[in-house]
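Step one of this worksheet: look at the structure below.
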Amino acid sequence: MKQGVATRVKSTDVDEIERLAAMAVAKQQFVASAIDMGWRLALVVIIPVIIGTWLDNKFKSEPSYTLAALMIATGGVVWVVAVTIKQVQTKRGKK
C-alpha cells in the first residue's frame, strides 16, 4: 500500500494566496462602489432634468428651468462623489 505523502505549505505560498485574496476583495469593493455611484449619479442628473424640462414646457420658458435643474444636478453630483469617496475611505480604514 502506498502511504500519502504530506506536503508542506511554504509560508511564501500562504502569503501569495492571502495577497491574491485581498486583491480579489478590493476589486469586488471597487466594482460595487462604482456601480452604486453610477446609479446615484444617473438619478441625481436625470430627475432634475426631467422636472426642469417639464416646467419649461408648462410655462413655455425654455431653457430656463432645465438650466437651473442642471445647476442643481451639478451640486448633487459633487455630493454623490464626495459621499462615495468617504464611504470607500471608511471601508479601507477598517482593514
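With respect to the stated conditions, VAL31 fails to be under 13 Å from the mean Cα position of the chain (by Cα) and modelled with pLDDT of 95 or more.
Checked against the criterion of being among the acidic types (Asp, Glu) and modelled with pLDDT under 95, region 41-60 contains not a single residue that satisfies it. When THR7, THR84 are screened for being at pLDDT below 95, of a type in the set (Val, Ile, Thr) and in contact with a helix residue (DSSP H, G or I) (Cβ under 9 Å, 6 or more places away or on another chain), only THR84 passes. Give the residue that is surrounded by the most Cβ atoms within 10 Å (Cβ to Cβ), with candidates limited to residues of region 12-64 that are part of a helix (DSSP H, G or I) and acidic (Asp, Glu). It comes out as ASP56.
The values are calculated or read from the model by the stated rules, or taken from the named source; none is laboratory data. It should be emphasised that the depicted structure is a prediction, and the values quoted were computed from it without experimental measurement. Virtual Cβ from ideal backbone geometry, glycine too; neighbours counted across all protein chains shown.
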